[in-house]
Each structure stands twice: as structure tokens, then as C-alpha cells.
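Student: For reference, the structure I am asking about is given below.
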Amino acid sequence: MKTVYHKADTRGHANHGWLNSYHTFSFAGYQSPERMNFGVLRVLNDDTVTQGMGFGTHPHRDMEIISIPLEGDLEHKDSMGTTAVIQKGEIQVMSAGTGVMHSEYNKNKDQAVKFLQIWVFPREVGVEPRYDQKSIKEGEKINGFQQILSPNKNDDGVWIHQDAWFNLANFTKGNGKNYMLNKKGNGVYAFVLKGSAKVGDRILNERDGLGIWDTQSFNIEAVEDAEILLMEVPMELPAYLK
């Protein structure tokens, strides 16, 4: 088993007033050659947007973009004609493919919006742009893994153009479980949303991250009540990036 540890306070940080953002991997003004990506996981931003503010219309292409709200309501508009609001308990995905324009705004006038912005390289370029969002409240599991994303259209959660599986892990203190990887050659980036947990041989606290690869499984045990996002992704970059 190989691992890479990213303590919460080592992340890149940019506070624009309306946006307070922490970058696990290189993004915008934060650039670190050692933290460009974890396999095909390219961006993991921990964003807080103030009341009534947001990201104006801007372009994307050839990227799978996932948003997971943690607090508040986030309004999405795009050039495909989509207008939607996502909130805690939901997950949003946009396949940028051949190109799409979109905006994201804090829908609330009385509270900040907190959400994770995640980018994953697709297995191929030039796909047709698409948008989807789903509630993940109903499948919530305590002391287990809840799949919220996969490569399969008919599976639990949303799907993307990549051999990736995302799970939410909610464990009460002292409980744990072994995570089995879905595909050989994949790795898992574990990101602690709340609490504290032992992942593999490492104790992780809130907003710490740990990448794990070259293994078929690893154990998670909650040191205190913990919520963890597990992002399983291919470790080898697609041919178009080589």
C-alpha cells in the first residue's frame, strides 16, 4: 500500500471576500508541482460563497465536474438550458465534454453556501455535454458506505465518463469497515468532512486528506463520529494527457 497525506492546513488558500476557497490540489493562484492531482482526480476545492454572490458565467470543456453542497443552496445555470438549485443532501454532475458555459450562485440572502467542487479527467474527450443531479438523502447509511457516484448509468447516485466510484462513509465513534476497491489500478482519496478517523494507518482530522493506492482494500475506523468522502479513481492518466 502506498499513501500520500495532505494535512488540512497545508492546502492552498484564496480569500476573495465573496469566495473563501481551500485547494487540495493546484488551482488558480495556488500551484504546487507535488500536488497537481491524485490520478484522474484533478481538483478538490472546499468553497464558501457569501450571500447572494457566486461564479459568473464561464466555460469548461473535457472535464467531469461534481458539486456536493455541505450547507445552503447553490443555483446552477448553463448553456444547455439547465436552471437548478442544489442543496445539502444532493449531488450534482456536469460533463463539460465539447464545451459548456455555466454559472453557480449562492441562492441564499441570509447564509453562506459551502460546497465541494471536484474535477475528474474523463476517460475520453469530446463527449456530449450533460447535466444531472440527484438526492442522496434516501440512501444514507450509518456505519457503512453509501455510493453516490459511479461509471454506471443505472447504479446508485450520479454517473460520470470515468471508472470512478465515490462513497460517503458515516461512522459513529469506535465503528469502522473495510473498503474494497472496485477496479484494479484505482486508488482512493479519502477526505474527512467531519470528525476524526483512522484511515489505513493514519489518523485524519477534519479536512485532512489521504490518498491510498497499490492495494485492494483498507480499513476505516472512527476515532470520533466521522463523515468521510471516499473518491476512488484510476491512478493512470488517460492517453490524451500523456
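Student: As I understand it, the dipole of the chain uses +1 on the Cβ of Lys and Arg and -1 on the Cβ of Asp and Glu, about the Cα centre. Which of Met1, Gly157, Leu204 lies farthest toward its positive end?
Tutor: Value computed over the given set: Met1.
Student: Sticking with this structure for a sec: Could you provide, to the nearest whole Å², the per residue accessible area of the range 72-134 with probe 1.4 Å? Numbers along the way, then the final one.
Tutor: Working: 2630 Å² over 63 residues.
Heavy-atom SASA per residue in the range 72-134 reads 42 Å².
Student: Rank Ala84, Ala28, Ala164 by mean-square fluctuation in a GNM of the chain with C-alpha springs under 10 angstrom and give only the top-ranked residue.
Tutor: Ala28
Student: Could you work out the per residue convex hull volume over the alpha carbons of the range 94-139, in cubic angstrom? Display every interim value, and only then the final one.
Tutor: Values: hull volume 5.4 nm³, N = 46.
Cα-based convex hull of the range 94-139, divided per residue, equals 118 Å³.
Student: Quick one: plug the Kirkwood hydrodynamic radius of the chain (C-alpha pairs) into Stokes-Einstein at 10 °C, 1.306 mPa s, and report D in µm²/s. Intermediate values should be presented prior to the final figure.
Tutor: Working: Rh = 18.1 Å.
Rounded to a whole number, D works out at 88 µm²/s.
Student: Once you place label points 7 Å from the Cα toward the Cβ at Asn20 and Val4, how far apart are they in nm?
Tutor: 2.8 nm
Student: Only Cα pairs under 8 Å and at least 6 apart count here; give the relative contact order of the range 80-223 as a rounded whole percent. Present the calculation step by step, with values, prior to reporting the outcome.
Tutor: Working: 250 pairs, mean separation 27.4, N = 144.
Computed value for the range 80-223: 19 percent relative contact order.
Student: Using the Karplus curve 6.51 cos²θ - 1.76 cosθ + 1.60 with θ = phi - 60°, what ³J(HN,Hα) values do you get for each residue of the range 76-83, in whole Hz, with x for Gly and Pro?
Tutor: 10, 9, 9, 6, 8, x, 7, 10
Student: Suppose a student asked you for the relative contact order of the chain, using Cα pairs under 8 Å spaced at least 6 residues apart; what percent would you report? Spell out each step's value before the answer.
Tutor: Details: 684 pairs, mean separation 46.7, N = 242.
Over the chain, the number comes to 19 percent.
Student: Another one. Take every Cα pair under 8 Å in the range 85-165 that's 6+ residues apart, average their separations, divide by the length, and report that relative contact order as a whole percent. Intermediate values should be presented prior to the final figure.
Tutor: Values: 109 pairs, mean separation 29.0, N = 81.
With pairs under 8 Å counted, the relative contact order is 36 percent.
Student: Hey, another quick one. Please report the spacing between the Cα centers of the range 15-32 and the range 155-217 in Å, no decimals.
Tutor: The two parts, judged by their Cα centres, are 23 Å apart.
Student: Let me spell out the model: positive unit charges on the Cβ of Lys and Arg, negative unit charges on the Cβ of Asp and Glu, origin at the Cα centre of the range 100-176. What dipole size does that give, in debye rounded to 20?
Tutor: Around 300 debye, computed over the range 100-176.
Student: Choose one answer from Pro59, Pro69, Pro151: the residue with the largest mean-square fluctuation in a GNM of the chain with alpha-carbon springs under 10 Å.
Tutor: With Cα springs under 10 Å in the chain, the top fluctuation among Pro59, Pro69, Pro151 is at Pro59.
Student: Exceeding 23 Å between C-alpha atoms, which entries from my cross-link table qualify? They are Lys137/Lys183; Lys88/Lys109; Lys114/Lys183; Lys7/Lys153. Present the calculation step by step, with values, prior to reporting the outcome.
Tutor: Working: Lys137/Lys183 26 Å; Lys88/Lys109 17 Å; Lys114/Lys183 31 Å; Lys7/Lys153 34 Å.
Over 23 Å apart, Cα to Cα: Lys137/Lys183; Lys114/Lys183; Lys7/Lys153.
Student: Most fluctuating residue of Val127, Val188, Val40 in a GNM of the chain with Cα springs under 10 Å: which is it?
Tutor: Looking only at Val127, Val188, Val40, the largest GNM fluctuation is found for Val127.
Student: How much net charge surrounds Gly176 when only other residues with a Cβ under 11 Å from its Cβ are counted (Lys, Arg +1; Asp, Glu -1)? It would help to have the intermediate numbers written out before the result.
Tutor: Values: positive: Lys173, Lys177, Lys198; negative: Glu221.
The answer is +2.
Student: Can you spot the aspartates and glutamates whose alpha carbon is less than 16 Å from Lys194's alpha carbon? Ignore those fewer than 8 places along the same chain.
Tutor: Within the straight-line cut-off, Lys194 pairs with Asp9, Asp46, Asp47, Glu71, Glu140, Glu206, Asp208, Glu221, Glu224, Asp225, Glu227.
Student: Give, rounded to the nearest 20 debye, the magnitude of the charge dipole that the chain has about its Cα centre when Lys and Arg contribute +1 at Cβ and Asp and Glu contribute -1 at Cβ. Each step should come with its number before you reach the end.
Tutor: Details: 26 positive and 31 negative charges, 57 e Å.
Dipole size: approximately 280 debye.
Student: Determine the shape class of the range 1-80: with a ≥ b ≥ c the square roots of the Cα gyration tensor eigenvalues, call it rounded for a/c under 1.5, and otherwise prolate if a/b is greater than b/c, oblate otherwise. Provide the component values of the computation, followed by the final result.
Tutor: Details: a/c = 1.94, a/b = 1.45, b/c = 1.34.
Prolate shape, in that a/c is at least 1.5 and a/b is the bigger ratio.
Student: Answer rounded, prolate or oblate for the range 32-173, using the Cα gyration tensor with square roots of eigenvalues a ≥ b ≥ c: rounded when a/c is under 1.5, else prolate when a/b is larger than b/c, else oblate.
Tutor: Values: a/c = 1.38, a/b = 1.02, b/c = 1.35.
Because its axes are fairly even, with a/c under 1.5, the range 32-173 counts as rounded.
Student: In addition: Nothing charged except the Cβ atoms of Lys and Arg (+1) and of Asp and Glu (-1): what's the magnitude of the dipole of the range 42-102 about its Cα centre? Round to the nearest 20 debye. Walk me through the numbers on the way to the answer.
Tutor: Values: 4 positive and 9 negative charges, 35 e Å.
Charge dipole of the range 42-102: 160 debye, to the nearest 20.
The values are calculated or read from the model by the stated rules, or taken from the named source; none is laboratory data. Predicted, not measured: the structure shown is a model, and the values here were computed from it. For neighbour counting, all protein chains shown are included, and Cβ atoms are generated from backbone atoms with ideal geometry for every residue, glycine included. Heads up: the accessible areas ignore ligands, DNA and RNA and are worked out on the full protein's heavy atoms, side chains in. Shrake-Rupley method; radii C 1.70, N 1.55, O 1.52, S 1.80 Å.
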